[in-house]
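Novice: Once you've had a glance at the structure underneath, I'll fire off some questions.
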Amino acid sequence: SPSDSYFEYLLKVWIQGGYREQRYFEMFRDVVKHVDKSFVAKSHLGDTMVVEIVADKHVYKMDHFTCFFPAVLIIAAQCA
């Protein structure tokens with residue numbers, strides 16, 4: 001997923017810049033809000049997960065983005 005690097009690098013730039021360039025964290029937060037609104041869904045078993053959307057349908061699979069997204073959120077929460 002090409003977008004995974006974008007949101008990860010927004011957070012990395014903010015951290016590596018000594019937390020001074022707040023616009024990168026704000027952009028990261030906007031991406032997270034969009035992911036939460038558009039890509040978080042419950043499976044038929046009731047599990048909450050980040051999904052892909054293909055042809056307007058949720059695809060429940062673990063790829064790079066869905067595997068690393070929770071860890072990036074934890075890093076952001078610890079740094080914010």
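The values are calculated or read from the model by the stated rules, or taken from the named source; none is laboratory data. From a predicted model like this one, the values you see are computed outputs, not experimental measurements. No Cβ is skipped: glycine too gets one built from the backbone with ideal geometry, and neighbour counts run over all protein chains shown. All accessible areas refer to the heavy atoms of the entire protein, side chains included, with ligands and DNA or RNA removed. Shrake-Rupley method; radii C 1.70, N 1.55, O 1.52, S 1.80 Å.
Novice: Loop only per DSSP, at most 15 neighbouring Cβ atoms within 10 Å: give me the trypsin sites (Lys or Arg not before Pro) in the range 38-68, ordered by residue number.
Specialist: Here the sparse-neighbourhood loop sites are LYS61.
Novice: Right, something else. With 5 Å bins from zero, work out the P(r) of the range 1-43 over every alpha carbon pair and list the percent per bin.
Specialist: 5, 24, 25, 21, 13, 7, 3, 1
Novice: Moving on. Quick check: pseudo-label points 7 Å beyond the Cα along Cα→Cβ at GLN16 and LEU73, how many nm apart are they?
Specialist: 2.5 nm
Novice: While we're here: Grab the DSSP H runs of the chain that are 4 residues or longer, score each as -39,500 (n - 2.57), total them, divide by all residues and round the 222 nm result to the nearest 500 deg cm²/dmol.
Specialist: -20500 deg cm²/dmol
Novice: When all protein chains stay in place, what accessible area (Å², nearest 10, 1.4 Å probe) is found for TYR60?
Specialist: We get 100 Å² for TYR60.
Novice: Mind pulling up the Rg/Rh value for the chain? Radius of gyration and Kirkwood radius, both on Cα.
Specialist: Dividing the radius of gyration by the Kirkwood radius yields 1.01.
Novice: What figure, in Å² to the nearest 10, do you get for the accessible area of ASP56 with a 1.4 Å probe and non-protein molecules left out?
Specialist: Rounded to the nearest 10, the figure is 150 Å².
Novice: Heavy-atom accessible area of GLU8 with all protein chains present, probe 1.4 Å, nearest 10 Å²?
Specialist: 30 Å²
Novice: Right, another one. Please tell me the relative contact order of the chain in percent, rounded to the nearest whole number, where contacts are Cα pairs under 8 Å and at least six residues apart.
Specialist: Value for the chain: 23 percent.
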